[in-house]
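The values are calculated or read from the model by the stated rules, or taken from the named source; none is laboratory data. The model shown is predicted, which means the values in this text are computed figures rather than measured ones. FYI the Cβ positions are ideal-geometry reconstructions off the backbone, even for glycines, and counts take in every protein chain you see.
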Amino acid sequence: MAMRGKRVAVLESRLGRELSELVAGRGAEPFHAPALAELPDLDQAQIAALVASLEQRPAKLAIFQTGVGTRALFAATDALNLTSRFLEILKGTVVAVRGPKPTGALRQRGVHIDRSAVDPFTTHEVLDCIKDLPLNGQRVIVQRHGTANRELDAALEARGAEVIEIPTYRWSLPKDTAPLAELISRLERGEMDAVLFTNAEQVRNLFAVSKNLNKDVQAPLNRTFVASIGPVASAALREAGVKIALEASPPKLGALLSAVDGAL
């Protein structure tokens, strides 16, 4: 195992413990510094108003981007006793999904899926799978992930669509940023062999913490093996001026770990 004895930073939050255990299982020494918090951002009154509005003027297209957000949306309609009405609305709507996670969440609710983005499940693939749909003057529902997908919204609006975003959760800095501060110090001292980025927002939050500490994290990262889970995280790293040593393909944790193990 090439990772044996290597010191590997894990910034993943939701599956951070599991990923750290997988890193340790390959003989490496994980340092877990969660870089992201997911906070509820769902207004039930807004959901009720949306369902009523869609019954009066249906949407042409509904785009579901994440599994956790899709489940949160249905949990809200359950609480409002509006799930059956919402499912009825979706029967007459073209349903598009960004990847396997929203696909699974929708299938649990018996929702048909008309369009599916292909690997690596970026905004480009979402737009490609709906490129033939006439959207001028049509309403489009977009289940938001942690932040507004401005690229997606702008592309839909450029085609004449009226975009209605449904916020379900938002990304934030974790309450405890001490592990990130410690990671920055370890990077400065050259004590990390690799850093694993599994979300674009992790990049922005790491740099936000470094800025608050008046420290430069870009240069230490560029002296370290930086691995990205996929194109979206890679784009954020490039925007921050960070050299990417490896990008996983497909964009999954297992593929990321295998690739890092091989590269090291």
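Scan segment 129-139 and give yes if some residue there is within 23 Å of the chain's Cα centre (by Cα) and in contact (Cβ under 8 Å) with a residue 12 or more places away in the chain, otherwise no. Give the derivation first.
Filtering segment 129-139 down to residues within 23 Å of the chain's Cα centre (by Cα) leaves 129-131.
Filter once more, so that each one left must be in contact (Cβ under 8 Å) with a residue 12 or more places away in the chain: 129-130.
There is at least one residue in segment 129-139 that is within 23 Å of the chain's Cα centre (by Cα) and in contact (Cβ under 8 Å) with a residue 12 or more places away in the chain.
For segment 131-149, the criterion of being modelled with pLDDT of 95 or more and at positive phi is met by at least one residue.
For the criterion of being part of a helix (DSSP H, G or I), hydrophobic (A, V, I, L, M, F, W, C), touching a helix residue (DSSP H, G or I) at 6+ places or on another chain (Cβ under 9 Å) and surrounded by 14 or more Cβ atoms within 10 Å (Cβ to Cβ), residue 163 fails.
One residue stands out in segment 1-49 among those that are outside the structural domain of residue 184 (by TED's automatic domain parsing) and assigned to a helix (DSSP H, G or I): the one that is surrounded by the most Cβ atoms within 10 Å (Cβ to Cβ), namely 47. Of everything in segment 123-169 that is basic (Lys, Arg) and in contact with a strand residue (DSSP E or B) (Cβ under 7 Å, 6 or more places away or on another chain), the residue that is nearest to residue 61 (Cα to Cα) is 139. Restricting to segment 207-264, give me the number of residues that are in contact with a strand residue (DSSP E or B) (Cβ under 8 Å, 6 or more places away or on another chain) and among the polar types (S, T, N, Q). Residues that pass the stated criteria total 3.
Can you find a residue in segment 180-199 that is modelled with pLDDT under 95 and either touching a His at 6+ places or on another chain (Cβ under 8 Å) or crowded, with 18+ Cβ neighbours inside 10 Å (or both)? Within segment 180-199, one or more residues are modelled with pLDDT under 95 and either touching a His at 6+ places or on another chain (Cβ under 8 Å) or crowded, with 18+ Cβ neighbours inside 10 Å (or both). Of the residues that sit in segment 200-211 and are among the hydrophobic types (A, V, I, L, M, F, W, C) and surrounded by 18 or more Cβ atoms within 10 Å (Cβ to Cβ), which one is modelled with the lowest pLDDT? The selected residue is 200. In segment 234-243, the count of residues that are at pLDDT 95 or above, aliphatic (A, V, I, L, M), within 19 Å of residue 4 (Cβ to Cβ) and out of contact with any Leu (no Cβ under 7 Å at 6 or more places or on another chain) is zero.
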